Amino acid sequence: MNGLRVAAVAGMTMLGLSLPGWGGPPVATAAGAATTPFLPTPPLGPPRETVFYGHAKSLVRKGGHWELRVDPAEFLSGLTAQRAAAEDGAIRPGEPVPNDFYTRDESHLLLTFRVPNGTHVTVMTRGPKATLISVPELARALAGKKTPHRLWEPQAGFWIRVAGDTARALDQQYMP
């Protein structure tokens with residue numbers, strides 16, 4: 001009976017080590033970097049990186065890093081936008097949404113993310129055109145201060161790429 005138990009435990013251990021992201025050697029990612037074998041990956045855990053839409057409310061220096069406060073929202077298009085806008089009373093049922101998108105922003109509760117100094121930040125400037133700016137310049141723009149690049153749509157939201165509690169990229173959405 002002990003031999004059977006040992007075989008069962010050994011089998012379960014081998015199964016556990018063979019699951020993606022659980023034990024075994026580091027796994028190479030699409031970028032070629034090795035990841036830890038101890039953190040689960042989908043479908044066993046959350047994705048290592050997520051992208052969401054939100055309105056950047058502030059970006060302030062705290063100690064040795066920046067902190068971004070964001071009001072997350074849903075940027076919807078097509079049928080999804082039309083039905084959501086009708087349900088929210090923004091349009092009458094059957095009407096198209098302006099510019100084929102609708103932003104649903106229900107809670108207005110803010111999230112906080114760390115933003116490293118070299119984070120990729122793209123904003124819409126005069127033209128309109130996408131312009132790469134620095135994190136400190138975005139902080140000044142969000143605070144209403146003068147910057148070298150005037151934002152075309154200061155109220156427009158951002159697509160924010162996040163890994164854990166850290167923003168990896170912020171790209172402002174053009175709003176016609």
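Could you tell me how many of the residues in the stretch 72-93 are part of a loop (DSSP other than H, G, I, E, B) and surrounded by fewer than 15 Cβ atoms within 10 Å (Cβ to Cβ)?
4
Based on what the data block shows, is Gly54 small (Gly, Ala, Ser) and in contact with a strand residue (DSSP E or B) (Cβ under 9 Å, 6 or more places away or on another chain)?
Criteria met by Gly54.
Can you tell me which of Pro176, Pro154, Pro128 is closer than 22 Å to Tyr102 by Cα, touching a helix residue (DSSP H, G or I) at 6+ places or on another chain (Cβ under 6 Å) and not aromatic (Phe, Trp, Tyr)?
Pro176
If a residue has to be within 19 Å of Glu74 (Cα to Cα) and either among the hydroxyl-bearing types (Ser, Thr, Tyr) or in a loop (DSSP other than H, G, I, E, B) (or both) to count, how many in the stretch 117-176 make the cut?
Looking only at that region, the number is 9.
For (1) under 14 Å from Thr166 (Cα atoms); (2) surrounded by fewer than 11 Cβ atoms within 10 Å (Cβ to Cβ); (3) touching a strand residue (DSSP E or B) at 6+ places or on another chain (Cβ under 8 Å), each residue gets a yes or a no:
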| residue | (1), (2), (3) |
| --- | --- |
| Arg69 | yes, no, yes |
| Glu95 | no, no, no |
| Asn99 | no, yes, no |
| Val115 | yes, no, yes |
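Yes or no, residue by residue, for (1) of a type outside the set (A, V, I, L, M); (2) outside the structural domain of Val70 (by TED's automatic domain parsing); (3) farther than 18 Å from Asp71 by Cα; (4) over 16 Å from the mean Cα position of the chain (by Cα):
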position	(1), (2), (3), (4)
Leu111	no, no, no, no
Val121	no, no, no, no
Thr125	yes, no, yes, yes
Trp159	yes, no, no, no
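Can you find even one residue in the stretch 88-107 that is in the same structural domain as Gly54 (by TED's automatic domain parsing), within 27 Å of Glu49 (Cβ to Cβ), in contact (Cβ under 8 Å) with a residue 40 or more places away in the chain and more than 14 Å from the chain's Cα centre (by Cα)?
The answer is yes; a qualifying residue exists.
The values are calculated or read from the model by the stated rules, or taken from the named source; none is laboratory data. Since the structure is predicted, the reported quantities are computational estimates derived from the model, not experimental observations. Neighbour counts are summed over all protein chains in view; Cβ atoms, including those assigned to glycine, are modelled from backbone coordinates with ideal geometry.
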